[in-house]
Amino acid sequence: MKCFSGKNFKRNVAAVLALFLLLCFDQYTKYLAVIHLKGQDAFPLIDRILEFSYLENTGAAFSSFAGRQTFLVLLTSVVIVVFIWKFLTLPLGKRFHGMRICLLLIISGAVGNLVDRISNQYVVDFIYFVPIDFPKFNVADIYITIGVAVLGVMLFFYYSDEEFETLLSIHHKADRTDV
């Protein structure tokens with residue numbers, strides 16, 4: 001498999017290191033939320049705009065699928081595996097670095113929330129935008145949101161139709177290093 005040779009190996013080791021650092025930061029912020037916010041009143045960071053307050057979310061986005069941890073663990077695991085596979089099979093070249101970063105952010109966020117689901121049976125959420133009454137979220141959710149948003153923009157405005165089809169295909173005709 002080409003993902004374990006030379007340049008790919010270095011890229012993948014760097015990706016694993018980045019994933020580890022992103023995951024550690026996410027888990028550390030959740031740890032801080034547990035020790036400083038659990039059982040406490042909301043902590044306003046910017047009065048009437050942004051506050052930290054503790055929530056144990058047994059669901060997914062917007063508390064959907066609440067209490068269905070087995071389903072969410074399985075779904076998240078499948079998504080992680082598919083995105084890792086896509087990361088490893090992307091064509092070589094600088095043109096796809098942005099996509100790799102987006103996939104890395106999405107994978108990191110998914111793994112961060114999966115760790116919570118498996119270890120706690122819920123995800124720790126603690127960031128809250130007051131004016132729009134947006135559901136509470138966490139750092140892993142930020143990774144996922146940024147990764148998906150930038151990936152969407154790139155797929156619609158950066159990659160050509162031919163590249164888009166290659167990215168969505170299961171098999172690549174040939175890895176190109178000149179892209």
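The values are calculated or read from the model by the stated rules, or taken from the named source; none is laboratory data. Small disclaimer: the values here were computed from a predicted structure and weren't measured. Note that we place each Cβ from the backbone using ideal geometry, even for glycine, and neighbour counts take in every protein chain shown. When the accessible area is computed, the model is the full protein with side chains, heavy atoms only, and any ligands, DNA or RNA have been set aside. Shrake-Rupley method; radii C 1.70, N 1.55, O 1.52, S 1.80 Å.
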| request: For region 116-126, name all the residues that are farther than 15 Å from Leu74 by Cβ, in contact (Cβ under 8 Å) with a residue 12 or more places away in the chain and in a helix (DSSP H, G or I). | output: Asp116, Asn120
| remark: Within region 153-162, the residues that are farther than 12 Å from Gly98 by Cβ and open to solvent by less than 60 Å² (accessible area, probe 1.4 Å) are Ser160
| task | Could you please let me know if Arg95 is of a type in the set (Lys, Arg), in contact with an Asp or Glu (Cβ under 9 Å, 6 or more places away or on another chain) and at pLDDT below 90? | result | yes
| query | Any idea which of Leu21, Leu32, Leu45 is assigned to a strand (DSSP E or B), modelled with pLDDT of 90 or more and surrounded by fewer than 17 Cβ atoms within 10 Å (Cβ to Cβ)? | reply | Leu45
| task | Check Thr89 against each of (1) over 20 Å from Tyr28 (Cβ atoms); (2) modelled with pLDDT under 95; (3) surrounded by 20 or more Cβ atoms within 10 Å (Cβ to Cβ) and name the one condition it does not meet. | result | (3)
| said: Restricting to region 92-119, count the residues that are surrounded by 15 or more Cβ atoms within 10 Å (Cβ to Cβ) and among the polar types (S, T, N, Q). | reply: 2
